[in-house]
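Rule-based calculations on the coordinates, nothing more; no lab input. Remember, predicted model here, so these are calculated numbers, not experimental data. FYI the Cβ positions are ideal-geometry reconstructions off the backbone, even for glycines, and counts take in every protein chain you see.
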Amino acid sequence: MHMNHEYAQEKASHSTRNAVTPMHVCLILDNNSLTDTVVQALDRAGRHRVTVFHDISELTQSTLTPDAILIGLQQFTALRENEPMVYLRLSRRSRIVVVLSSRELLDAAHILAFADAWVFEDINVDRINELLDLGLEGHCLMPKQFLSRLGVDEIRLTLLPRLSEPEFETLRLLGQGLNNRTIANQLDLSEAVIKSMVRSVLSKLHFRNRTEAGVFAARQQGALQSAREGMVPPHIHAAPAHRTGTS
């Protein structure tokens with residue numbers, strides 16, 4: 001069953017009512033804590049009608065036509081992969097806004113193009129009302145750090161724990177500009193194994209080629225080990241942001 005949170009229009013000031021249009025917003029997020037956070041943020045605006053779904057089946061069976069659907073990355077991935085026709089129907093009648101964490105950005109890059117906008121739960125979810133307004137206009141507010149090389153480096157640092165020890169050492173040696181044969185000698189592995197390791201590193205950290213991986217490892221050499229152990233630098237908070245059209 002879904003829950004409706006009806007917000008009385010008298011909660012909004014007269015100027016707010018004139019400045020913006022109330023929306024019907026459906027939520028289907030990846031965890032209850034995030035759902036509570038988003039509902040509270042929407043409630044502060046006092047102008048939206050909110051419906052909370054708990055799984056994809058509730059969303060697919062619903063006959064509602066919301067202005068916007070706020071959907072978690074896992075739920076959106078499942079919708080795209082398992083219910084493509086439902087996704088198509090929903091995308092034609094509602095704006096789809098994906099809610100994800102910044103560390104998921106590189107993993108999700110291939111699927112985010114199918115959404116109208118994105119919200120980052122660890123960076124700008126507190127601006128959800130503003131982001132919804134922009135999303136309805138076909139715009140996405142992208143945190144500024146993701147438009148820089150160092151911002152993408154920061155995301156990759158959070159992904160280092162997914163590498164095996166040999167993969168991590170391979171990445172570190174790529175940062176020294178070594179070729180596969182030299183890396184194989186240093187790690188006492190065959191050149192064929194190192195070639196496989198390099199491919200795995202490129203895939204897991206979303207590099208386009210070994211040169212890009214090597215430049216990253218060289219640039220971040222002082223942070224690699226601590227990031228590998230799960231101690232990553234804090235986010236560069238993004239009050240400034242870049243508006244990107246998604247229509």
For the pair GLU212 and GLU130, the simple spin-label estimate (label points 7 Å beyond Cα toward Cβ) gives in nm 3.0 nm
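Calculate the FRET efficiency for ARG149 and GLN61 from the Cβ-Cβ distance with a Förster distance of 30 Å, rounded to the nearest 0.05.
On the way: r = 45 Å, r/R0 = 1.48.
Between ARG149 and GLN61 the formula returns 0.10.
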Tell me, in nm to one decimal, what length is gained between SER164 and GLN186 on full extension, where the rule is 0.36 nm per residue of separation less the Cα-Cα distance?
6.3 nm
Burial ordering of PHE146, PHE76, fewest other beta-carbon atoms within 10 Å first
PHE146, PHE76
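Please give the FRET efficiency for HIS24 paired with ALA78, using the beta carbon to beta carbon distance and R0 = 22 Å, rounded to the nearest 0.05. Could the numbers behind the result be given before it?
Working: r = 23 Å, r/R0 = 1.03.
Computed FRET efficiency for HIS24 and ALA78 comes out at 0.45.
Suppose R0 equals 22 Å; then what is the FRET efficiency for SER226 and ASN32 from their Cβ-Cβ distance, rounded to the nearest 0.05?
Values: r = 32 Å, r/R0 = 1.46.
E between SER226 and ASN32, to the nearest 0.05, is 0.10.
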